[in-house]
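These notes are about the structure you will find just below.
The values are calculated or read from the model by the stated rules, or taken from the named source; none is laboratory data. What you see is a predicted model, and the numbers here were worked out from it, not measured in a lab. Cβ: placed from backbone, ideal geometry, glycine included. Neighbour counts: every protein chain shown.
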């Protein structure tokens, strides 16, 4: 409550300052234009009225702007000085507290001694005096996040005990309801790593926000909070299109959340392309042994969405057995764009089948330079004698590609 | 005569009012964008980008001319930049010093038949080198005949095989996580294609540098560099940020910019016939998006100080640089005059390009005419002295306000220059700028116009001397490849 109150009081004074400043400037502009003014019993006789009276109104406005500019310049210089000192102080304190909390929290999480109740209580008591102001709290939470994101083990149980004992839950709450979205992002991260499910509704609200930074973190937080799919991913990307950043963050959050069981079949099947992308990436990175969805994945080969097409190929070539891979490539290769052809060749460079090499030999002449290079690399890897037959090719590009392959890869 | 006076007075009043109004808008827009950027990045770990599953590949293209003194360090610094899919292409633009041999020896390079298409016409590439040391496998060293910076960059674009390319000056100091920050806008957009991204360039003069990294940021000792620090604050922190907010950014610094490679190839890369090749490329790419691809696009800007460069510390060098910038600007404006107030080109045609013409190119000319006009009026006593001085005072006070606002944001958001000494010094510089640096800049811009229109010298680079960052050696750059 005190934390809330201090934020409100601070905001009130900041708003009051700006209000008084703007009001004073407005009042001055008015007062200096009049011969005399009486406001709330205060009588003001304009000493420069004769001058103001003698100049046109537009010149008076320019004079007011001049004074405002000078006043603003003065305020900004003062604020710069204040910022500079404050930031220096903040940075130094932040650095000190970060080091301190990194050290003590790492120790607390990893040292077996703190599994014992009495040592734990002792630790809690020792750390409590260092969690009084905002800088300390931010450093404390940031340190926890840093440690949690670095280590693959789940530290939520230990940190929850700490938060409970130190009565910090309401502080996390104050972050999530704060008007600043950077605080909301921090709160979502902490809440999701601590698996505190009481704030799901608020985070779901953020997931529908038009602020993409807030939205992206809300997606990742929701994923960390879920243990089962619960069709969560059908919600993600339903209202707003997902960016590549969203897709990456979501996929990484799922991959790190080992508990979460994803209905990735539904994702691949989704009409929403972004959800399909997530499904395909999960198929590649998490469910690579599961070939039941291969038929579905193949449907996306040659898709007009270039990124989706690329991911589909990448996934398909990761999970498909080698024999099927050759059939797949032979069937689609000619219709694909150059970038995809390069990807296909790079992903299939270990195929030693004669049938595949024969196919490569067939298509090589019609392809642009970069594809020729990749094709010759495959031949180089598998059939050195065959590569030598390209040495005297009259095709300039094949000559170039041959020279590169023989020059670099040998 | 009186009628003419009235017309001229009204013209200068309207022009001045529009100019000041535009500055107010710039201040407001940049504040909004900066505030959003800071908040969204505060708890974002840029390092996590390295773990992403879908990332564009990036080629750094660094043209180098006679960089013998620092080339080894510069390449090492580029190779240490953090990004998972990165290749570094250093283009030796026909250096006449021993830099080629030095790089070959140090990085154990051998000449290879690296295949590439000459999609953009460039000077002859004499050889491409790769390292036999696996640790430098992503380094490609290109040796070509001298053709200028634009030509070297074009050679790099031809050779690059990545989705994006980062054009940089080889002697710039790049922050370690610069690429991770620069690539983020390319990942963030949902419906809009990001075609390029620029970053803030800061002044490295007097900064402490160790192993190719800035370890201590110092305010320059040299007065001309001091002026430029303030100028860069206003231009990057406020100006470019504001233009980026409304997607009207027309220029990305040649020292540091990330571009879509295929798009750059589609517009034939950098224009070798101009000295403002960075400005020209962005305009070309934007035009291409409007006329050929007809797709929504964005030129993004990152307010983080990611690149540090040495600025001219001698007035002669500064004169050459500003002269060249002016000529480059005029050349591009005239080449693309069809964009001016053309709704076909969206915001570029209706807002940013006309702004550039009126308030970047023509401003020094109009200012000079105004100065002469009002001076004559003063001499002939045809002007109200009181009003004249009130207006002059307003111009000075507004200028002071704008500079202090830029400094305020710098300290609020980045605070790279620290302490009250810096603030008092920069305040003094902001005042001195109005009477020393600004008139000089106007004069240099006029010289640029004169060189372009009267001397017909459109693409001469002049001479530029740079002091090596560590002050251990001095190097001279002649001819085409500078800054």
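Before moving on, here are some points about what is shown:
- Counted residues, region B:411-437 - those being within 8 Å of chain A (Cβ to nearest Cβ), over 22 Å from the mean Cα position of the chain (by Cα) and either in a helix (DSSP H, G or I) or closer than 19 Å to residue B:367 by Cα (or both): 5
- Residue check: residue B:16 meets all listed conditions (1) over 30 Å from residue B:183 (Cβ atoms); (2) within 14 Å of chain A (Cβ to nearest Cβ); (3) free of Cβ contacts under 8 Å to residues at least 40 places away in the same chain but one, namely (3).
- Selection count where residues are part of a loop (DSSP other than H, G, I, E, B) and more than 17 Å from residue B:190 (Cα to Cα), scope region A:175-221: 7
- When residues in region B:107-126 are screened for being surrounded by 16 or more Cβ atoms within 10 Å (Cβ to Cβ) and either farther than 22 Å from residue A:402 by Cβ or away from every other protein chain (no Cβ under 11 Å) (or both), 6 of them pass.
- Members of region B:21-43 found to be closer than 29 Å to residue B:366 by Cβ and over 23 Å from the mean Cα position of the chain (by Cα), listed by number: B:21
- Hits in region A:165-180 - residues which are within 14 Å of chain B (Cβ to nearest Cβ) and either modelled with pLDDT of 85 or more or on the phi > 0 side of the Ramachandran plot (or both): A:172, A:175, A:176
- Test: residue in region A:300-307 that is more than 14 Å from every other protein chain (Cβ to nearest Cβ), part of a loop (DSSP other than H, G, I, E, B) and at pLDDT below 85: no
- Here region A:77-105 is the region considered, the condition is being surrounded by fewer than 16 Cβ atoms within 10 Å (Cβ to Cβ) and touching a helix residue (DSSP H, G or I) at 6+ places or on another chain (Cβ under 7 Å), and the residue that is nearest to the other protein chains (Cβ to nearest Cβ) is A:90.
- Each residue in region B:280-304 was checked for being within 30 Å of residue B:42 (Cβ to Cβ) and in contact with a helix residue (DSSP H, G or I) (Cβ under 6 Å, 6 or more places away or on another chain), and 6 of them qualify.
- Members of region A:252-281 found to be over 14 Å from residue A:308 (Cβ atoms) and modelled with pLDDT of 85 or more, listed by number: A:252, A:253, A:254, A:255
- Verdict on residue A:129 being surrounded by fewer than 17 Cβ atoms within 10 Å (Cβ to Cβ) and in a loop (DSSP other than H, G, I, E, B): no
- Some residue of region A:42-52 being within 14 Å of chain B (Cβ to nearest Cβ), touching a residue at least 24 places away in the same chain (Cβ under 8 Å) and in a helix (DSSP H, G or I): no
- Which listed residue is more than 31 Å from the chain's Cα centre (by Cα) and closer than 30 Å to residue A:160 by Cβ, from A:90, A:32, A:124, A:74: A:124
- Lone qualifier among A:211, A:200 - being away from chain B (no Cβ under 13 Å), closer than 26 Å to residue A:255 by Cβ and touching a residue at least 24 places away in the same chain (Cβ under 8 Å): A:200
- Test: residue in region B:420-435 that is modelled with pLDDT under 85 and surrounded by fewer than 18 Cβ atoms within 10 Å (Cβ to Cβ): yes
- Tally of residues being surrounded by 22 or more Cβ atoms within 10 Å (Cβ to Cβ) and facing chain A (nearest Cβ under 7 Å) across region B:395-410: 7
- Out of B:376, B:350, one residue alone is farther than 30 Å from residue A:87 by Cα, touching a helix residue (DSSP H, G or I) at 6+ places or on another chain (Cβ under 9 Å) and more than 12 Å from chain A (Cβ to nearest Cβ). It is B:350.
- Listed by position, the strands (runs of 3 or more DSSP E) contained in region B:135-241 that have at least 3 residues being without any contact (Cβ under 8 Å) to a residue 60 or more places away in the chain and either away from chain A (no Cβ under 14 Å) or buried (at least 22 other Cβ atoms within 10 Å of the Cβ) (or both) are B:139-144.
- Pairs where the first residue, in region B:51-63, is within 14 Å of chain A (Cβ to nearest Cβ) and the second is in a strand (DSSP E or B), C-beta under 7 Å, 6+ apart: B:56/B:164; B:59/B:87; B:59/B:89; B:59/B:165
- Some residue of region A:392-402 being within 14 Å of chain B (Cβ to nearest Cβ), in a loop (DSSP other than H, G, I, E, B), closer than 24 Å to residue B:112 by Cα and touching a residue at least 24 places away in the same chain (Cβ under 8 Å): yes
- Test result for residue A:124, at the interface with another protein chain (Cβ under 10 Å from one of its Cβ atoms) and in contact with a helix residue (DSSP H, G or I) (Cβ under 9 Å, 6 or more places away or on another chain): no
- Within the set B:325, B:356, B:361, the sole residue that is within 17 Å of the chain's Cα centre (by Cα), under 21 Å from residue B:436 (Cβ atoms) and surrounded by 17 or more Cβ atoms within 10 Å (Cβ to Cβ) turns out to be B:325.
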